[in-house]
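Participant: For reference, the structure I am asking about is given below.
Each value in this text was obtained by applying a stated rule to the coordinates, not by laboratory testing. Source: prediction; values computed, not measured. Using ideal geometry, Cβ is built from the backbone for each residue, glycine included, and neighbour counts are taken over all protein chains shown.
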Amino acid sequence: MLAGVTAAVRAEGERRRRQWAANYKRRFDEAGVDFMLVLTLGGKPALRSNQSYPVRRNNQLANSLSFPMVSFPIGYADGLPISAEFKGPRFSEPLLTQAMIDYQARHPEHHRARPADPEPRSASLLRRRAAEVDDPTLSNDPLVHEVVVA
């Protein structure tokens with residue numbers, strides 16, 4: 001028994017997970033689908049300062065089914081980078097990787113793009129501090145003095 005879960009319960013859970021994966025694989029085959037394309041996040045990305053993440057990550061299903069997936073950048077939304085994932089049944093890694101390579105070859109603007117370099121916070125903070133000091137040469141802060149002298 002591990003953490004209160006008996007061997008019988010664990011075996012039943014594994015049996016159900018394998019059946020669930022087999023059902024998905026069968027549906028893929030019946031529909032003639034090799035793999036799926038989904039957004040990594042199911043909504044607008046949250047800012048780091050926001051501690052709550054109401055959007056659901058779309059990799060949970062693939063993880064529970066042991067399906068491979070590959071994630072790659074596809075652009076920006078409201079200045080924040082977004083990515084998509086190719087997911088497929090077990091052992092479809094070569095197909096997923098080749099599809100991602102083909103996508104990036106046709107859309108180089110997405111995986112080569114990067115946002116403008118931000119001004120370091122410390123530089124803007126130093127300028128603000130230097131402006132706030134009445135006589136910066138009297139400051140004990142060596143960084144403020146460095147900004148004033150330079």
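Participant: Quick one: 82, 74, 101, fewest Cβ neighbours within 10 Å first, how do they rank?
Facilitator: So the ranking, lowest neighbour count to highest, is 101, 82, 74.
Participant: Also, quick follow-up: How do 91, 72 rank when sorted from fewest to most other Cβ atoms within 10 Å of their own Cβ?
Facilitator: So the residues, fewest neighbours to most, are 91, 72.
Participant: Measure off 7 Å from each Cα along the Cα-to-Cβ vector at residue 20 and residue 90, then give the distance between these two points in nanometres to one decimal.
Facilitator: Using points 7 Å along Cα→Cβ, the separation is 1.5 nm.
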